[in-house]
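Here's the structure we're looking at; comments come further down.
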Amino acid sequence: MSLVAKDSGGEGSFTPVPPGMHLARCYRVVDLGTQKTEWQGQTKYLSKVMIQFEVHGEDESGKALVTSKGEPMSISKNYTLSLAEKATLRKDLQAWRGRDFTPDELRGFELKNILGAWAMISVAKSMGNNGKEYTNIMSVNPVLAAIKKAGLPEGFNKPAIFSIADADMELFETFSKGLKEKIMASPEWQEREGREYAKAENASGADRVARQGSGFDDMDDDIPF
């Protein structure tokens, strides 16, 4: 099963990525299920997805952007799972690709296509409604030709996609406590747990659907996905 977007009309020691423009590689796409969203006094329940990047490079002082374990820092951005005209996911993917989606692609885009793709991400700090400071991805753009010509570094994390419908529990166990709780609070996860319970009872006594075909086989090599 697959996770598709379409136009339908270790927490305590985490080191944040510093502000600036960074070379990054998408290594994980996580299905968050339906999440409660509040904005400007309105409450909505929307299908959400998280895209994670590993960051490669140095900070302003020339220090490598790595964690205390020597691994690439990571940063993520949550999106509504939609390719509607005003959807942030659509805007970021199109900017990243350097071209718009075709009408056929808008009918169903497999998010697995972005796994392993390189990008230039713009990172900035902002203050949340709770008074805490957060580091956010502000934009996602193609890698400059000069950087690609010089050679891209080797990716660190194994590319993976997590879908609630056919959950990889081994992958799930690597998630932070907060991410697990967010996923488990979704109705899709609750439904899955109900099915698993029914299976267990019988023994003892999802991807979210979308249309197939992304039409990427004959795309220009300069387009990352």
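Given a 1.4 Å probe and heavy atoms of the protein chains only, how would you sort 102, 174, largest accessible area at the top? Walk me through the intermediate numbers first.
Working: 102 45, 174 85 Å².
Largest to smallest exposure gives the sequence 174, 102.
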With a 24 Å threshold on alpha-carbon distance, the violating pairs from 48/148; 77/125; 48/112; 77/112 are 48/148
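At 10 °C and a viscosity of 1.306 mPa s, what translational diffusion coefficient does Stokes-Einstein give for region 9-141, taking Rh as the Kirkwood radius over Cα pairs? Give it in µm²/s as a whole number. Write out the running numbers ahead of the final one.
Details: Rh = 16.2 Å.
For the chosen part, D equals 98 µm²/s.
Before anything else, pin down the relative contact order of region 43-153: Cα pairs under 8 Å, at least 6 apart, normalised by residue count, whole percent. List each step's numbers first, then the result.
Details: 126 pairs, mean separation 23.0, N = 111.
Relative contact order comes out at 21 percent.
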Over region 114-155, what relative contact order in percent results from Cα pairs under 8 Å that are six or more residues apart? 38 percent
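Taking the Cβ-Cβ separation of residue 64 and residue 44 as r and a Förster radius of 30 Å, what is the calculated FRET efficiency to the nearest 0.05?
On the way: r = 41 Å, r/R0 = 1.35.
E(calc), rounded to 0.05, equals 0.15.
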Given H placed on each backbone N at 1.01 Å, which residues far from residue 123 in sequence or on other chains put an amide H within less than 5 Å of it? 20, 21, 22, 138
Ignoring ligands and nucleic acids, residue 90 exposes an accessible area, probe 1.4 Å, in Å² to the nearest 10, of 40 Å²
Through the Karplus equation 6.51 cos²θ - 1.76 cosθ + 1.60, θ set to phi - 60°, convert the phi angles of region 117-131 into ³J(HN,Hα) values in whole Hz; use x for Gly and Pro. 7, 8, 8, 9, 10, 9, 10, 9, 9, 8, 9, x, 5, 8, x
Quick one: dipole size for region 33-111, taken about the Cα centre, charges +1 on Lys/Arg Cβ and -1 on Asp/Glu Cβ, in debye to the nearest 20. 360 debye
Which is farthest toward the positive dipole end of region 94-188 among 157, 141, 113, measuring Cα position about the Cα centre, with Cβ charges +1 (Lys, Arg) and -1 (Asp, Glu)? 141
Descending accessible area (1.4 Å probe), largest on the left, turns 170, 181 into 170, 181
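Report the full-extension gain for the segment residue 169 to residue 138: residue separation times 0.36 nm, less the Cα-Cα distance, to one decimal in nm.
8.1 nm
The values are calculated or read from the model by the stated rules, or taken from the named source; none is laboratory data. Predicted, not measured: the structure shown is a model, and the values here were computed from it. Note: ideal-geometry Cβ built from the backbone for every residue, glycine included; neighbour counts use all protein chains shown. For the accessible areas, the whole protein counts, side chains as well, though only heavy atoms, and no ligand, DNA or RNA atoms are used. Shrake-Rupley method; radii C 1.70, N 1.55, O 1.52, S 1.80 Å.
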